[in-house]
Every structure is written in structure tokens, then in C-alpha cells.
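Working notes for the structure below.
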Amino acid sequence: MIVARTIQEIRVAVAAAKSAGQAVGLVPTMGALHAGHYSLIDAASLQCPFVVVSIFVNPIQFAPSEDLAKYPRTPDADLAGCRAHGASAVFMPDVHEVYPRPCRTVVESPNLGRTLCGASRPGHFAGVCTVVAKLFNIVQPDVAYFGAKDFQQAAIIRRMAEDLNFPLAIEVCPTVREADGLALSSRNAYLTPDERREAPALWKSLRLAAEMIVARHPAAGEVVEAILSHLGEHAPGGVVDYVEIVDPVELSPVEKTDGNVVIALAVRFGRARLIDNIHVDCRDCGS
Ligand code: AMP
């Protein structure tokens, strides 16, 4: 496995793979890798002979009040995990390699990036889009892999790739969960034991809401109320940031639940802000 710390090194490695006729897959991450990240590497390995994992904690997607300095960093374990999952190369640049000068050009998705998580994290998705666009230009993959856990991020990047004609395919892979339903996240490490006991209520509330929708397509407001009431009872230590039911592509709120929708939520537990979502497609549910 190649460990590239510079743009030049990863470009040389990718160019060699491409000239050998190998398709290149890219798995962008911020490190502190867990089974969710490894599932993306596994999915990439099935489709692409040359898999690049990028590990970079991107400062421009963190607000000054957020956890950039404290974000978990486990580079040795990450490299061992990437090796074990058969990655061909890890691109692990330092901040100055990616941003040698202050970034004066950003890629932004003004409509999709200001709702849901974007409402409470202004500038976050511009930071994400900008670094992902840079990674696409640096690595030039044929396919890039993202997790469904970060549903809004995946929708925005898919749209960015389409709008800006990046010559690659985007694959979105299912969320990997703990046995009790909690979505794996690097930020779960921040949870206290009490918070960890309450956190599975997020997924449970989404599952119950999806069952309600499939059974009788209630108005979106009624579904949101049911989720809030479940969270109030089973996750009293959590502070709800948002619960919304939206169109999966435009991310606009929907009132009716008899179509193709995503229920997305974010809940803060102390230092940890957890997100989760469920996709419910009722176009064929009957009425
Ligand atoms: P991060 O390191 O948090 O930026 O995540 C890197 C990639 O891993 C993103 O595409 C995430 O959506 C994906 N990811 C994170 N957690 C999970 C999970 N539990 N299941 C599947 N993919 C995940």
C-alpha cells in the first residue's frame, strides 16, 4: 500500500494505475476510521482495482466553535485498517499541502447547503464541496464513494459532480450501524455512557416513523411530532437540532409522505452532534 503525503506522490501513483488500465476508486474520509469507512473501501475494492483512501481533517468545513482541534485522530490504526481492507494507496496530506495559501475560491451549493445541517453549520457544505472538488481534481478517480449516513453531503456532492461536469461516478453506500441501531460515527467517541444508552433512540424513532409512513402516509408534521415525542421520552439528554422530511434530491421540505422522501434529523448530546436519516419511498406503497 502506497502512503502518499504530497499531491505529486498521489498523482504519480494514480497515473501509474491508470496507465495499467485500472479503474480508480476514491474514498474521502477525515480519518478515525471505523467499520462505516471500511465498508466504503470494501465497496470500492469490488468495483475498482486501484482504491485511494484520503485521510484529511478539512479545517475549512469546521466553524471556529466546532471540534477541529479535538477531532479524533488515529493515523496508525487508520493505515493498518486501510491495509487490511486492501486499499491501494492512502493520501494523507498535511494542511499546508492542501491549502498552501488561504483558499480564495470556494465551491458552494447555496440551495442544498443551507437547509438541514447547513442551517446550524453555516459554511460547512461550502468547505466540504471545496475540499471534495480539490480531491476529485487531485486524484481524478473514476468512482467516488460516500456514506448514506451523511445523506445531505452525498446529495450535495452528487449534484456538484453533475452541475460541474466532474468526469466520475458517485456511489452512495448504506449506513453501517451498531447492533442497537446507532449509526457508526467518529463522533460517537464523545458520548458519555448515559448518552450512549440514549443515542439508539435516533434510529428507533426513524424506523417507527418509516413504519407510520408506509402504513398510512400521514402528513409530514404528524410524523415529525411522533419522532419528537419518541426522542423526548427515550433520549431526554439529547437536544434536537432538526427533524425534517424532505425530497431526496432537492432537499426541500415535503408536506405529504406518499412519495419518495428522506426523514433526516440531528440531535446534540453534549459535545457530540449526531445525525441520521431514513429513506422511505412510498410511490409503490398503495394508498
Ligand atoms: P467522515 O470521515 O466522517 O468525513 O466520513 C467519511 C465517509 O464515510 C463519508 O462519506 C461518510 O458518509 C462515510 N461514513 C461515515 N460513517 C458511516 C457509516 N456509519 N456508514 C457508512 N458510511 C459512513
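Things to note:
- Loop-resident GluC sites (Glu not before Pro) (DSSP state other than H, G, I, E or B) in the stretch 213-252 with no more than 16 further Cβ atoms inside 10 Å of their Cβ: E250.
- Average projected area [Cα convex hull, the stretch 1-120], square nanometres: 8.9
- Here, the stretch 187-281 is characterised by an Rg to Rh ratio of 0.99, where Rg is the alpha-carbon radius of gyration and Rh the Kirkwood radius.
- Unpaired by the 4.7 Å Cβ criterion, cysteines found in the chain: C48, C82, C103, C117, C129, C173
- For the stretch 47-196, the convex hull spanned by the alpha carbon atoms encloses 144 Å³ per residue.
- Excluding same-chain neighbours fewer than eight residues apart, the lysines reachable from K134 by a Cα-Cα span under 20 Å are K18.
- Treating each Cα of the stretch 50-131 as one equal point scatterer and applying the Debye formula with no solvent, the log10 of I(q)/I(0) at q = 0.14, 0.16, 0.17, 0.21 Å⁻¹ comes out as -0.60, -0.76, -0.84, -1.06.
- For the stretch 120-159, applying the loop criterion from DSSP together with a ceiling of 14 other beta carbons within 10 Å to the chymotrypsin sites (Phe, Trp or Tyr not before Pro) yields no site.
- Across all directions, the average projected area of the convex hull around the alpha carbons of the stretch 34-92 is 4.5 nm².
- Counting 0.36 nm for each residue step from A179 to T6 and taking away their Cα separation leaves a gain of 58.4 nm.
- Ratio of Rg to Rh for the stretch 122-243: 1.04 [Cα atoms; Kirkwood radius as inverse mean 1/r over pairs].
- For the stretch 1-64, projected area of the alpha-carbon convex hull averaged over all directions, nm²: 5.2
- Stretchable slack from A23 to V214, in nm (0.36 nm times residue separation minus alpha-carbon distance): 64.8 nm
- Relative to the current alpha-carbon distance between N165 and L68, full extension at 0.36 nm per residue lengthens the span by 31.8 nm.
- The chain - percent relative contact order, Cα under 8 Å, separation 6 or more: 17
- Reported value for the chain: 133 Å³ per residue, from the convex hull of its C-alpha atoms.
- For the chain, the antiparallel share of DSSP beta bridges with both residues in that region comes to about 50%.
A short reminder: the numbers here are calculations on the coordinates, not readings from a lab. Computed from a predicted structure; not experimentally measured. Cβ coordinates were reconstructed from backbone atoms using ideal geometry, including for glycine residues, and neighbour counts include every protein chain displayed.
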